[in-house]
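J.: Structure provided below as structure tokens; questions to follow.
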Amino acid sequence: MRTPIIAGNWKMHKTIEEAVAFVREIRFKLNEIKGVDKVICPPFVALAPVKELLVPTDIGLGAQNMYFEEQGAYTGEISPLMLKGLCQYVILGHSERRAYFGETDEGVNRKIKAAFAHGLTPIVCVGESLEQHEAGQTEEWVSGQVRAALDGLTADQVRSLIIAYEPIWAIGTGKAATGAGANAVIGLTIRGTIADLYDQATAQAVRVQYGGSVKPNNIAEFMSQPDIDGALVGGASLKPDFVEIVRISAEVKGV
Ligand code: PGA
């Protein structure tokens, strides 16, 4: 059985002071909810102070990006060595990084391998644009992203990572996908591609989240789908709504 996992992607929001105040506000309420893995992904500078606040809880911590080299002349970058020991997860290949910062499938694949080399669990983002969605290219595009991301990984590595299916047209737009629509892409395309590349057991073991305008009022629709194991939450993870989303997820999955 796959343990549900809800992750909050804060993106470029909250100062250190704001991050600390917010985590103090939600941490024990969040921690009370069992049976669902909970992860918070603040900006890099807030990771260390938030880590301290999470010590008395079982809430996981993640970064939002990482470079694949361990160290060197890469001004402005953060390496897996720096994240190791600080957090357990790292979001890789988010569509905003692909769109605004030139991330490629190949770079994302190198980052995933670097994360594994240092014991970090990648949350790998894939998803199609509105144009691709409307042109009926979702399956081909998402399958291609999955193939490129997983290139050269062992089945054990694939089973332990997390994939976030985030249709770009649903991110930050208030227009979420439907539960059935997201379930079809996750079940048929994402798990189907993994079954093709590895085997059915691996495809069934990997946890896949939905992301894009997830809110307390639509999370139940996603969590009630058989192939959706959780959510990557942006805007709503900046507010106490995040606790509500986790609580509803636990209820719907009956854990
Ligand atoms: P959103 O963002 O929930 O604000 O749509 C999701 C994401 O980009 O991870």
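J.: Among the chymotrypsin sites (Phe, Trp or Tyr not before Pro) within the range 57-89, which fall in a DSSP loop and have no more than 14 other Cβ atoms within 10 Å of their own Cβ?
T.: For chymotrypsin sites (Phe, Trp or Tyr not before Pro) across the range 57-89 that sit outside H, G, I, E and B with at most 14 neighbouring Cβ atoms in 10 Å, the list reads Tyr74.
J.: Oh, and also: With the chain treated as a Gaussian network of Cα nodes joined by springs under 10 Å, which of Ala177, Ala135, Ala115 yields the largest mean-square fluctuation?
T.: Ala135
J.: Could you tell me what a quarter of the Cα convex hull surface of the range 106-255 works out to, in nm² with one decimal place?
T.: 8.9 nm²
J.: Less than 11 Å Cβ to Cβ from Asp227, Lys/Arg counted +1 and Asp/Glu -1: what total charge do the surrounding residues give?
T.: Cβ neighbours under 11 Å give a net charge of +2.
J.: For a bin width of 10 Å, list the pair-distance distribution of the chain built from all Cα-Cα distances, rounded to whole %.
T.: 7, 34, 39, 19, 2
J.: When the dipole is taken about the Cα centre of the chain, and only Lys, Arg (+1) and Asp, Glu (-1) are charged at their Cβ, what size is it in debye, to the nearest 20?
T.: 680 debye
J.: Dipole of the chain (Lys/Arg Cβ +1, Asp/Glu Cβ -1, origin at the Cα centre): which of Ala180, Leu83, Thr104 lies farthest to the positive side?
T.: Ranked along the dipole, the leading option is Leu83.
J.: DSSP loop (so not H, G, I, E, B), at most 11 other Cβ within 10 Å: list which GluC sites (Glu not before Pro) in the range 1-108 pass both filters.
T.: Here no loop site has a sparse enough neighbourhood.
J.: Could you work out the relative contact order of the chain? I mean the mean sequence separation of Cα pairs under 8 Å and 6+ apart, divided by the number of residues, in percent.
T.: Computed value for the chain: 21 percent relative contact order.
J.: Taking every pair of distinct Cα atoms and averaging 1/r, then inverting, what Kirkwood hydrodynamic radius in Å comes out for the range 1-92?
T.: Roughly 13.9 Å, rounded to one decimal.
J.: Taking the Cα centre of the range 44-104 as origin and charging only Cβ (+1 Lys, Arg; -1 Asp, Glu), how large is the dipole, in debye to the nearest 20?
T.: Roughly 60 debye, rounded to the nearest 20.
J.: Quick one: among Thr121, Thr57, Thr189, which has the greatest mean-square fluctuation in a GNM of the chain with alpha-carbon springs under 10 angstrom?
T.: Thr57
J.: Quick one, could you list the DSSP H helices from the chain stretching 20 Å or more along their long axis (Cα atoms) with average Kyte-Doolittle hydropathy of -1.0 or above?
T.: Sorted by number, the helices that extend far enough and score high enough are 16-32.
Read-outs throughout are calculated quantities, based only on the coordinates presented, and are distinct from any laboratory measurement. Since the model is a prediction, treat every value here as computed from it, not as a measurement. When we count neighbours, we look across all protein chains shown, and the Cβ atoms used for this are built from the backbone with ideal geometry, even at glycine.
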